[in-house]
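For reference, the structure is listed below as structure tokens.
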Amino acid sequence: MSADGAAVAVDGLRRDFGGVRALDGVSFAVAYGERRAIIGPNGAGKTTLFNVLTGELAPSGGRVLLGGQEVTGMRTWRLARRGLARMYQRNELFDPLSARQNVALALGAARGPYHLRPAGERAEVDEADALLERVGLADRARDPARALSHGERRQLELALALAQRPRVLLLDEPTAGMSPAETSAITALIGELERSLTILIVEHDMDVVFRIADRITVLHEGKVIADGGPEEVRGDRLVNEVYLGKVLER
Amino acid sequence: MTRPTKASLSRGPRVRRWAPPFAGAAALVALFTFPDWSASMEGSRYASTILRDMLVFAVYALSLDVLIGRAGMPSLGHAAFFGGGAYAAAIAAERLGTDELAVTLGAAVVVAAALALVIGALTVRAAGIFFLMLTLAFAQMAFAIAFQWTDLTGGSNGFAGVRRPVLLGLDLSPPDSIYRLVVVVFGIVALVVWWIARSEYGRALVGVRENERRMRALGYDTTRLKLSAFVLAGSLAGVAGALSAWSFRFVSPNDVGLGTSVTGFVMVLIGGAGTLLGPILGAGLVLYIERVLSSAIPYSQTVLGIVFIVFVLAARQGLVGVAVQVWTRVRR
Amino acid sequence: MSPELVLQQALNGISFGALLFILAAGLSLIFGMMDVVNLAHGAFYMLGAYVALQVVQATGQFWAAVVIAPVVLGLVGLVIEPLLLRRLRGRHLEQVLLTIGVALVITDLIGLVWGREARTLPFPPGFDRSIDIAGSAYPTYRLFVIAFAVVLAVVLYYLHRRTAIGALIRAGVDDAEMLAALGVDTDRLFAVTFAVGAALAGLAGVIAAPAFGVRPGMDVDALIFSLIVVVVGGLGTLGGASVGAALVGPAETFGKVLVPQFALALIFAIMAVILLARPSGLLGRIRISR
């Protein structure tokens, strides 16, 4: 598939940090509606990749395309307005605000902030509550984000990303730090997300990856070493040597 | 912050929701009529002068709190807009040949806003300590200009003989009239700040304060948001400056100086950043120490410094914050 | 401008720069180590000058003041850091605010104890004359200031680069957390650094006093200038303080002669430009901290 027909694609992406080459010519294309998992050992460049995709880091070379349009070097907030949303690995929430207010802020981004009408009106509250309901936080709507448990904070983190009504969703280790029950719940949630949404997910939990992913891209030392369906990747010798072998040891 | 829910549509909580605005309006009326109902009391004239000055600086503190308390942008250069507005009001009356309130106050706001736009465009991208130092540097530039441009500003001698405004034929020079003008303007500014705080714009500022990274990820242009807050805060400070120029009939380079910037910070912190009442209380307390206490004891600034240190160490949330904490604990 | 005038102004600029170096070194050190912009620095400078005044009044000895004032300020710093600043460890904005409060208290107490009129400190005997340089008289005290600053810079350089305590300070500027993890008593290190910074400010106050006088409000001027020097030259390093001082001193002096109307504004403009283009200053090293 060419980069132009993809929901999100990178072409020859490079990123250097001083002498270290974190991304070394990474190329892949994700089709609309696809669930693409990005896996690789620690230090493979997954987080750097996400940071470049969201515009928080500028690439040292290569291109980033969103919906066929070149967006290389575009600022984070502009990319967000074009339908790119991210669920951060380490929660980025508004701690003193309630769960409902957190979501309301996310919802308000589309409209822009320059409105003098009072915050928290009926329509907005209803919309926010609906989203909280969807991620399973309906009963915690009024509680400040800092008072939520870790799993609940991850749920809120997902709710924020969904509130942006994205077309491309980046999930950065969604199950990080979660108990098995919480992991199950959030994996089910992700599985239920509509197919109009394209999802890229970075994960270490292989069960989650093989449950969700349509295709898997494997990174190692900044390079793509495999790119294909789950069975293909699972059987790939290089991948097994480099990565899955280590995982099986755990 | 409570949000309206179905429950609040019933009788009890509705009363509770409307009590604060009602109390505020009542307080404003009491303030406005103060010269009348206190006329027979001893020291009434002195008291209304002190009150007037407290309200002028309450406006200043409220404007600075938009930056510090709401948007999370601590600045040490806010005096640039306060002094800028003060000089603008004074110079406009002299040069434009009219004392009309709309014109002179308008001049103060326009000059302060323009200054804030220029300085803000250059400083707003910096964070934390760098923003602090950049705002300080630019304010000091303004101070230097005020100090040395003697033809325009009167230089180190200051601008004396500021003409008090006229409102559609009504001369506001008498002390009571200026006092009432200050009360009215204070009321308007407090209303503006209160409205902004509960608006979507205000919530976006809180978002920038709490987690700018997340705001950008959500699609907010935080640089523009911060700049808008900076200009808004600067404009309101300009209003305070005009009031100050008219109250004291004098503008000096110190109004643009580091001391004034610091004083604003002290007021906001002691009173309680991010609240409506906080900056007002802070201004009142600091002015009380500077004016009233200073005539009783010679070490009033030491007292202020120690009070400030205590608050920084133990009560960062200020008087209002402490009061809220005590109240929550008592209710349990 | 005649060559004699240029020479005179150049010497003025250099001696002013020398003074700025002594003044700014302490501020730079404190920021480099502790990430704190010590806004009480001007107050420390002022206190140094007033202590010197007291010492000279009591003993008639300027040189005694040169020793005593920094010691007094060092003790003040040793008290303030553990008592107040340490409680706010890690909260940089609060620490800066705290130093504001300290400045308020110190300047007011100075006014209470010594009064609020301007005072003068006589030049030390031996340096109260002028000597002939290129055809005009030039005060020997200013030459002394230059020499003193050079000697001080050499001493500080030696201590900074060649002693154990200097190494600790350099390491602390680089990464204080790492030092703590390695078992170094960073509490004590910070207290000592703050004390040294305060002492240097006090020393600057003594040295400046005969030339610039002793009066209320001198703290604000000193603070502003030390901030400019440190920002321009580089936050956190002694080298930065010297580079900054070497640039700002002559710039201020020549500016006052060439464009008297806007000399001051020009200096701040330079500061702002450098802050915008290179936030860490020409030579500085900063850690991105809140």
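The values are calculated or read from the model by the stated rules, or taken from the named source; none is laboratory data. Bear in mind that the values here come from a model prediction, so they are computed numbers and not experimental data. Here the Cβ positions follow ideal geometry from the backbone for every residue, glycine too, while neighbour counts run over all protein chains shown.
What number of residues within segment B:292-317 satisfy the criterion of being over 21 Å from the mean Cα position of the chain (by Cα), within 8 Å of chain C (Cβ to nearest Cβ) and outside any helix (DSSP H, G or I)? Qualifying residue count, segment B:292-317: 2.
Out of C:G244, C:G255, report the one residue that is closer than 16 Å to C:A18 by Cβ and among the small types (G, A, S). It would help to see each step written out before you state the result.
Numbers: C:G255 fails: closer than 16 Å to C:A18 by Cβ.
Only one candidate qualifies: C:G244.
The set of residues from segment C:1-35 being closer than 17 Å to C:L189 by Cβ and in a helix (DSSP H, G or I) comprises C:G26, C:S28, C:L29, C:I30, C:F31, C:G32, C:M33, C:M34. Do we find that C:V230 is within 12 Å of chain B (Cβ to nearest Cβ) and closer than 11 Å to C:S28 by Cα in this structure? Considered against the rule, which asks whether it is within 12 Å of chain B (Cβ to nearest Cβ) and closer than 11 Å to C:S28 by Cα, C:V230 comes out as yes.
The residues of segment C:115-139 that are touching a strand residue (DSSP E or B) at 6+ places or on another chain (Cβ under 7 Å) and of a type in the set (K, R) amount to a single one, C:R119. Applying the criterion of at least 2 residues that are within 11 Å of another protein chain (Cβ to nearest Cβ) and β-branched (V, I, T) to the helices (runs of 4 or more DSSP H) found wholly in segment B:143-248 leaves B:175-197, B:200-210, B:222-248.
Conditions tested, residue by residue: (1) modelled with pLDDT of 95 or more; (2) farther than 20 Å from B:S63 by Cβ; (3) of a type in the set (A, V, I, L, M).
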{"position": "B:V231", "(1), (2), (3)": "yes, no, yes"}
{"position": "B:G264", "(1), (2), (3)": "yes, no, no"}
{"position": "B:V268", "(1), (2), (3)": "yes, no, yes"}
{"position": "B:G271", "(1), (2), (3)": "yes, no, no"}
{"position": "B:I280", "(1), (2), (3)": "yes, no, yes"}
{"position": "B:G284", "(1), (2), (3)": "yes, no, no"}
{"position": "B:A296", "(1), (2), (3)": "no, yes, yes"}
{"position": "B:V303", "(1), (2), (3)": "no, yes, yes"}
{"position": "B:V324", "(1), (2), (3)": "no, yes, yes"}
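Just so you know, in segment A:88-101 the residues that are under 20 Å from the mean Cα position of the chain (by Cα) and facing chain B (nearest Cβ under 8 Å) include one that is surrounded by the most Cβ atoms within 10 Å (Cβ to Cβ), and it is A:F94. Can you find even one residue in segment C:67-77 that is hydrophobic (A, V, I, L, M, F, W, C) and more than 30 Å from C:D185 (Cβ to Cβ)? The answer is no; no qualifying residue exists. Once segment A:102-116 is narrowed to residues that are facing chain B (nearest Cβ under 7 Å) and surrounded by 22 or more Cβ atoms within 10 Å (Cβ to Cβ), the residue that is nearest to the chain's Cα centre (by Cα) is A:A106.
Just give me the residues in segment C:209-225 being in a helix (DSSP H, G or I) and within 21 Å of C:F123 (Cβ to Cβ), in sequence order. Selection gives C:A209, C:P210, C:A211, C:F212, C:M218, C:D221, C:A222. Answer yes if at least one residue in segment C:172-179 is within 23 Å of the chain's Cα centre (by Cα) and in a loop (DSSP other than H, G, I, E, B), and no otherwise. For segment C:172-179, residues within 23 Å of the chain's Cα centre (by Cα) and in a loop (DSSP other than H, G, I, E, B): absent. Taken together, the criteria place A:A119 among residues that are crowded, with 21+ Cβ neighbours inside 10 Å and in contact with a Ser or Thr (Cβ under 7 Å, 6 or more places away or on another chain). Which numbered condition in (1) free of Cβ contacts under 8 Å to residues at least 24 places away in the same chain; (2) under 18 Å from the mean Cα position of the chain (by Cα); (3) buried (at least 23 other Cβ atoms within 10 Å of the Cβ) is the only one that B:I289 fails? Unmet for B:I289, out of (1) free of Cβ contacts under 8 Å to residues at least 24 places away in the same chain; (2) under 18 Å from the mean Cα position of the chain (by Cα); (3) buried (at least 23 other Cβ atoms within 10 Å of the Cβ): (3). Counting only helices (runs of 4 or more DSSP H) that sit wholly inside segment B:1-75, those with at least 2 residues that are under 29 Å from A:R100 (Cα atoms) and at pLDDT 90 or above are B:44-65. Annotation note: of B:G72, B:G97, the sole residue that is free of Cβ contacts under 8 Å to residues at least 60 places away in the same chain and on the phi > 0 side of the Ramachandran plot is B:G97.
When B:R70, B:R52, B:R45 are checked against the criterion of being among the basic types (K, R) and surrounded by fewer than 19 Cβ atoms within 10 Å (Cβ to Cβ), a single residue qualifies: B:R45. Being surrounded by fewer than 24 Cβ atoms within 10 Å (Cβ to Cβ) and either among the hydroxyl-bearing types (S, T, Y) or at pLDDT 90 or above (or both) is the requirement here; does A:R63 meet it? Yes, satisfied. Restricting A:R35, A:R63, A:R21 to residues that are touching a residue at least 24 places away in the same chain (Cβ under 8 Å), touching a helix residue (DSSP H, G or I) at 6+ places or on another chain (Cβ under 6 Å), at negative phi and of a type in the set (D, E, K, R) narrows the list to A:R35. B:R125 meets the conditions (1) surrounded by 23 or more Cβ atoms within 10 Å (Cβ to Cβ); (2) within 14 Å of chain A (Cβ to nearest Cβ); (3) not in a helix (DSSP H, G or I) in every case but one. The failed one is (1). Give me a count of the residues in segment C:237-264 that are at pLDDT below 85, under 13 Å from the mean Cα position of the chain (by Cα) and small (G, A, S). Matching residues across segment C:237-264 total 1.
Could you identify the single residue in B:V330, B:V268, B:V320 that is assigned to a helix (DSSP H, G or I), touching a Ser or Thr at 6+ places or on another chain (Cβ under 9 Å) and not small (G, A, S)? Result of the check over B:V330, B:V268, B:V320: B:V320. Restricting the first member to segment C:82-95 and to residues that are facing chain B (nearest Cβ under 10 Å) and closer than 16 Å to B:L269 by Cα, and the second to residues that are of a type in the set (S, T, Y) and surrounded by fewer than 18 Cβ atoms within 10 Å (Cβ to Cβ), the beta-carbon pairs closer than 8 Å and six or more apart or on different chains are C:H92/C:S289. Restricting segment C:109-148 to residues that are acidic (D, E) and closer than 27 Å to C:P250 by Cβ, the residue that is surrounded by the fewest Cβ atoms within 10 Å (Cβ to Cβ) is C:D132.
Looking only at segment C:122-143, decide whether some residue is outside any loop (DSSP other than H, G, I, E, B) and within 14 Å of another protein chain (Cβ to nearest Cβ). Checked against the condition, which is being outside any loop (DSSP other than H, G, I, E, B) and within 14 Å of another protein chain (Cβ to nearest Cβ), segment C:122-143 yields no hits at all.
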